Structure formats: C-alpha cells, structure tokens
Amino acid sequence: MFGYLLPYKPEMKVREFECYRAVYCGLCKQLSKDYGFLPRMFLNYDMLLLTLLADGLSGQQGNPVLQRCIANPKKRCMLSDTFGLQLGADCTILASWYKLLDDKEDESWAKGTAASAAEHLLKKAFVKAASRHPEIDHVMQSASKQQQLLEQQNSKSYDQAADPTAQMTAAMFKACSDDPVQQQILFRMGLFIGKIIYYLDAAEDYTKDKEKQRYNVFLNNELSFQQAVETAKQQCSMAASEAARCYNQLHLRLNQPIWDNILYLGIPQAIKNAGNPRIAMKKHPR
C-alpha cells in the first residue's frame, strides 16, 4: 500500500494523535517481534488502517507500554498485544512481497536489482505471513497476475485497472472481523478504498510513467496531466462516497474518532491533492 490514507492532523485532538502514534510505533515493534529487524523497513501508514479497524471492531484495547524506538532514544508510548497489530504486521509483509515482485517487472534495472535483493531478505517472513493468512495470499497472488495481464493488454478501463488493488485491499479489510455480516461490509469498503489508492497513485505517477513509457491508465486514455488529475478526483470521490456508506454500517467500539478523521477529512484532502507529490508525515509521527 502507498501511504495516501492519513488522518488530517490539524483537526485531530491531542489524545487521538497520541493514540495514532502509539499504534504506529506498536506496529513497528510487532513487525520486529514477529519477523525480525529488517522487515520494519517496509512499515507504512496505510497498514495502520487495518490495525485501527480490526481493534476498533473487536474492542481490544491492548497494552500501552513505554519503550525506546530505534529512531528516537527517548521512551515513547506504544500499543502492544492486539489482533490488529498482528494483522497489520502480517499484511505489511504480504503486500510488500507482491509490491517487490511488481517492481522487478516494471522498474529500471537498478531498482529491479534492489527489489530482488529485498525480496531475498523478505522471503522467510513472507512464507510465515502467507501461512498465517493463506486466503489473503491467494487473493494477492491472483491480483498481481491480473495486474500484469491488464498492463500487457493496455487496458483503458478505469475499473479494470483499479480492480487488482481493490481486490487486495478488500481481502485485507475482510480479515479485520470474523463476523460474516461485518465481513461483507468490510470487503465492499475495502474495494472502494483500494480504488482510491490506485487512482491517486496513477495520478501521482503520470509524469514519471510518461517519461519511462510505462503503463498508466490515464495515459492509455490519452489524457493530459490536468485531465488525468480531474479524472482521478472524480473516480476517487465516487469511491469515497461508497466507502463512507459501508463505514457507516460498521460497529466500531474503539478508534472511531481517528477513523472518522481519516474517512471524512484525510481522504478528501488526499483527493484534493491528487497528482501532487505527497507531503507525508515524518517517519515517526510526533
């Protein structure tokens, strides 16, 4: 996943941001605990959505602990011992693995070589994560092949182009609950969240893809950069509305203020900035 779905920090209460930061640091620690030191380099903000969603649905508060961070010697509050953290760590590994496989195919020789080296380092962790979540792994494997095929066919369909990312995201969202009713809602919500991620990424990569003559659904439709940005905004806005409908049917017991912020403020802000380089939070949010 790509780091687009962030909370809108100016509208967050201090306690909400402290909670968000504690989950982020807890996810980093969970990656280290389950998979070792190196896999922490694949940590990203999007996987916090899974942790916040899974723990929000289950109501599992976990244990806040004070520990030191590798990037900051000062002790900070971190969340620990929740299903959401474990799911977030597992899905970080799975999503990173398939992203590396995609980079080997699409990127330059140098980046492809770097991806191959990272793939080697991640192989053991991937096998472990895939054994924990075979259904998610199966969906990601199938979606990756589907993405390659669509690109080979130079698909012009926006829905088709975004579908592999949507399917991956839906599979991860579905795993946030064991309630069949909630799973159906989560799956549909994940589809639309995945589409938003795909369109924002394609809009941001437009110029780079054009220079390197790589597949981009907006380029395939012969759109100018400005037209691509406007189309991305339209597609994302429709998907965001559907994602919100699904979200309103969920029964969150924790983390709702943070999710409200992300869905109703953070995502609209990301859509507004479509096509512009992301100004991400610092690696360790403060």
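The values are calculated or read from the model by the stated rules, or taken from the named source; none is laboratory data. Quantities reported herein were computed from a predicted structural model and do not represent experimental measurements. Reconstructed Cβ throughout: ideal geometry from the backbone, glycine too, with neighbour counts over all protein chains shown. Surface areas here come from the heavy atoms of the whole protein model, side chains and all, with no ligands, DNA or RNA. Shrake-Rupley method; radii C 1.70, N 1.55, O 1.52, S 1.80 Å.
Checking the stated criteria, Asp46 turns out not to satisfy the condition of being closer than 26 Å to Leu122 by Cβ and either modelled with pLDDT of 95 or more or in contact with a His (Cβ under 8 Å, 6 or more places away or on another chain) (or both). With respect to Leu263, is the statement that it is surrounded by 14 or more Cβ atoms within 10 Å (Cβ to Cβ), free of Cβ contacts under 8 Å to residues at least 24 places away in the same chain and within 17 Å of the chain's Cα centre (by Cα) true? So Leu263 passes the test.
Can you tell me how many residues in the stretch 42-75 are in contact with a Cys (Cβ under 8 Å, 6 or more places away or on another chain) and surrounded by 19 or more Cβ atoms within 10 Å (Cβ to Cβ)? Looking only at that region, the number is 6. Residue count for the stretch 183-192, restricted to those that are in contact with a Cys (Cβ under 8 Å, 6 or more places away or on another chain) and open to solvent by less than 20 Å² (accessible area, probe 1.4 Å): 2. For Phe192, all conditions in the list (1) closer than 26 Å to Gly275 by Cβ; (2) of a type in the set (Phe, Trp, Tyr); (3) modelled with pLDDT under 95 hold save one; what is the number of the exception? For Phe192, the exception is condition (3). With respect to Asp137, determine if the residue is charged (D, E, K, R) and either closer than 27 Å to Asn276 by Cα or without any contact (Cβ under 8 Å) to a residue 24 or more places away in the chain (or both). Judged against the criteria, Asp137 is not a match. Is it the case that some residue within the stretch 142-159 is within 21 Å of Lys272 (Cα to Cα), under 15 Å from the mean Cα position of the chain (by Cα) and surrounded by fewer than 24 Cβ atoms within 10 Å (Cβ to Cβ)? No, because not a single residue in the stretch 142-159 is within 21 Å of Lys272 (Cα to Cα), under 15 Å from the mean Cα position of the chain (by Cα) and surrounded by fewer than 24 Cβ atoms within 10 Å (Cβ to Cβ). Entry remark, the stretch 77-97: residues being closer than 21 Å to Leu38 by Cα and assigned to a strand (DSSP E or B) number 3 in total. Leu85 falls short on exactly one of the conditions (1) open to solvent by less than 20 Å² (accessible area, probe 1.4 Å); (2) hydrophobic (A, V, I, L, M, F, W, C); (3) in contact with a strand residue (DSSP E or B) (Cβ under 9 Å, 6 or more places away or on another chain); (4) within 17 Å of Glu16 (Cα to Cα), and that condition is (4). Of everything listed in (1) within 24 Å of Pro10 (Cα to Cα); (2) open to solvent by 70 Å² or more (accessible area, probe 1.4 Å); (3) not in a helix (DSSP H, G or I), the single unmet condition for Glu222 is (1). Among residues that are open to solvent by less than 70 Å² (accessible area, probe 1.4 Å) and either modelled with pLDDT under 95 or over 18 Å from Cys236 (Cα atoms) (or both), Ala162 is not included.
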